[in-house]
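Data block below; observations after.
The values are calculated or read from the model by the stated rules, or taken from the named source; none is laboratory data. Quick caveat, the model's predicted, so the values are computed rather than measured. We place every Cβ from the backbone using ideal geometry, glycine too, and count neighbours over all the protein chains shown. Just so you know, the surface numbers come from the protein's heavy atoms only, side chains and all, with ligands and any DNA or RNA stripped out. Shrake-Rupley method; radii C 1.70, N 1.55, O 1.52, S 1.80 Å.
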Amino acid sequence: MAVADTIKTYITTELAPDLDASKLANDQSLLTTGVLDSLRIVKLIAFLDDEFGVEVTDDEFDPDNFETIDAIAKLVEEKKG
Amino acid sequence: MDFSLTPEQKEFKRSVLKFAKNELNRDVIERDHSSEFDWEGWKKCAELGIQALPIPEEYGGVGEDIVTCMLAMQALGYGCTDAGLLFSLHSHMWTCEIPILTFGSDEQKKKYLPRMAAGEIVGGHAMTEPGAGSDAYSLMSTAEKKGDRYILNGSKTFISNAPIADVLLVFALTDKTKGWAGISGFLVDKGTKGFIVGNPLHKMGLRTSPTAEVTLEDCEVPEECRLGREGAGSAIFNAEMEWERSCLFSSHLGMMQRQLDKCVQYAKDRKQFGQSIGKFQAVSHKMADMRMRIELGELILHKVAWLKGKGKKAHLESAIAKLFISESAVQNSLDAVQIHGGYGFMTEYEVERDLRDTIGGKLYSGTSEIQRNIIASWLGL
């Protein structure tokens, strides 16, 4: 499964289970729509560590890096190098 | 899992403990009564290198790891009975030094960290507002961008160190439409026009740590004062809270151990009904429970230190540690008063002050209720 798909599945099953995955686009804002709040991001970061072995540093814990599924996937891909 | 300390760490802890006992307990009862900050103690801490602990050598610090920082804070908690001085140190170190170290530009680090490490200037942060306490991210203060400057407006309350601070990390909204993701941090120096510090607030405990309201009235700061990127405020706040919830509560553990030692001694010395009161299970069991809480608090803090030492997030674990230790400190303090009986209620015996000082621990750095919310959210609730 592609990184973006894995992240999307986690968000729609664990963080925001009321959300219809088919209606969540990868370039849709997760912040302005309230899908992610600051606490959910912390949980998402723990998931990224478990799933991809990616450790998000304090200064990368930035809303811009979590704006969309694409942005999160980009962060993961960059860190996996 | 290895919890043992290195010989260097043991020696360091011993030296901090000795220093705290000898140098930081001047007129605490009187200064608690008059809400007076101990500048002399602050300077002595700086001479020992306390404020420099987490800062790398290149910025004038000693670059100690988090375990060593926690050991120092635990030793200070044991040796120093002035909890207000320690609270001010914590605010300075974890809510100002660490954010600058983690998110600051090289210029900001060079400007602030060497002098903060040397104790020459005092720092703190300004997050809480009259309408934004537990719901910290619902703040109303704004930072409007105008050219290469920001105009800050708003009101902050319960700001630790504000009356003595040379610089405060002020959180304000740079983008109201983004809510929590639109919060940014700004380093605002004392004396900046429109940066108004109110009179010290009177508190139930931690009276020797000055607290005040801060008002921002068209407070203009250059863009270079912004810490990190626009919108990084929540990241800064989360990072500093992890440090504060770990290191600040190390001091609580030190205080709890000192308190327990005092109770044990008192229970051995105090005779009622023909024997030491410690022979009565009603008394000894209280101290057994106090010891148990200290042990468990140390274990969870060790785990937090281990995680952070590996560069891992410890959001859940630091919330558990904060909740457990702050509530344990209050319970132990209540037990200490009860064990000392009427003497425990008297100011001169310095038992009741620990109780007053620990109550705040259930409120600052996120209330007990907020810590439980965090833990519950990790359960998927």
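Before we move on, is B:Gly205 away from chain A (no Cβ under 14 Å), closer than 26 Å to B:Gly360 by Cα, touching a helix residue (DSSP H, G or I) at 6+ places or on another chain (Cβ under 9 Å) and outside any helix (DSSP H, G or I)? Criteria met by B:Gly205.
Scanning the stretch A:3-13 for residues that are open to solvent by 40 Å² or more (accessible area, probe 1.4 Å) and away from every other protein chain (no Cβ under 14 Å) turns up A:Asp5, A:Lys8, A:Thr9. Tell me yes or no: at least one residue of the stretch B:158-171 is in contact with a Leu (Cβ under 9 Å, 6 or more places away or on another chain) and modelled with pLDDT under 95. No, that holds for no residue. Among residues of the stretch B:220-235 being under 17 Å from B:Thr102 (Cβ atoms) and either in a helix (DSSP H, G or I) or aromatic (Phe, Trp, Tyr) (or both), the one that is farthest from the other protein chains (Cβ to nearest Cβ) is B:Cys225. Just one of the numbered conditions (1) aliphatic (A, V, I, L, M); (2) in a strand (DSSP E or B); (3) surrounded by fewer than 23 Cβ atoms within 10 Å (Cβ to Cβ) is not true of B:Val170: (3).
The residues listed here are B:Ser184, B:Ser134; of these, the one that is part of a loop (DSSP other than H, G, I, E, B), within 30 Å of A:Asp37 (Cα to Cα) and within 14 Å of chain A (Cβ to nearest Cβ) is B:Ser134. Every listed requirement among (1) free of Cβ contacts under 8 Å to residues at least 12 places away in the same chain; (2) crowded, with 24+ Cβ neighbours inside 10 Å; (3) of a type in the set (Asp, Glu) is met by B:Asp82 save one, (1). From the list B:Ala232, B:Ala212, the lone residue that is open to solvent by less than 10 Å² (accessible area, probe 1.4 Å) and in contact (Cβ under 8 Å) with a residue 60 or more places away in the chain is B:Ala232.
Evaluate the following for B:Thr102: is it surrounded by fewer than 23 Cβ atoms within 10 Å (Cβ to Cβ), without any contact (Cβ under 8 Å) to a residue 60 or more places away in the chain and not aromatic (Phe, Trp, Tyr)? Here the answer is no, as B:Thr102 does not meet what is asked. Residue pairs whose Cβ atoms lie under 8 Å apart, sitting 6 or more positions apart in sequence or on different chains, and linking a residue in the stretch A:28-39 that is at the interface with chain B (Cβ under 8 Å from one of its Cβ atoms) to a partner that is crowded, with 18+ Cβ neighbours inside 10 Å and part of a loop (DSSP other than H, G, I, E, B), are A:Leu31/A:Glu67. The residues listed here are B:Lys308, B:Lys271, B:Lys312, B:Lys279; of these, the one that is surrounded by fewer than 16 Cβ atoms within 10 Å (Cβ to Cβ), among the basic types (Lys, Arg), within 14 Å of another protein chain (Cβ to nearest Cβ) and at negative phi is B:Lys312.
Going through (1) surrounded by fewer than 16 Cβ atoms within 10 Å (Cβ to Cβ); (2) within 14 Å of chain A (Cβ to nearest Cβ); (3) polar (S, T, N, Q) one by one, B:Gln371 falls short only on (1). For the stretch B:329-365, a residue qualifies if it is within 20 Å of B:Ser160 (Cα to Cα) and either open to solvent by less than 20 Å² (accessible area, probe 1.4 Å) or not in a loop (DSSP other than H, G, I, E, B) (or both), and the qualifying residues are B:Arg353, B:Asp354, B:Leu355, B:Arg356, B:Asp357, B:Thr358, B:Ile359, B:Gly360, B:Gly361, B:Lys362, B:Ser365. Looking at B:Ala83, B:Ala52, B:Ala46, just one residue is touching a Ser or Thr at 6+ places or on another chain (Cβ under 8 Å) and outside the structural domain of B:Leu169 (by TED's automatic domain parsing), and that residue is B:Ala83. The residues listed here are A:Ala21, A:Ala16, A:Ala46; of these, the one that is open to solvent by less than 60 Å² (accessible area, probe 1.4 Å), without any contact (Cβ under 8 Å) to a residue 60 or more places away in the chain and facing chain B (nearest Cβ under 8 Å) is A:Ala46.
Contact map, the stretch B:6-21: residues that are open to solvent by less than 100 Å² (accessible area, probe 1.4 Å) paired with residues that are small (Gly, Ala, Ser) and in a helix (DSSP H, G or I), Cβ distance under 6 Å, separation 6+ or inter-chain. Pairs shown: B:Lys13/B:Ala75; B:Val16/B:Ala72; B:Val16/B:Ala75; B:Leu17/B:Ala75; B:Leu17/B:Gly79; B:Ala20/B:Gly79.
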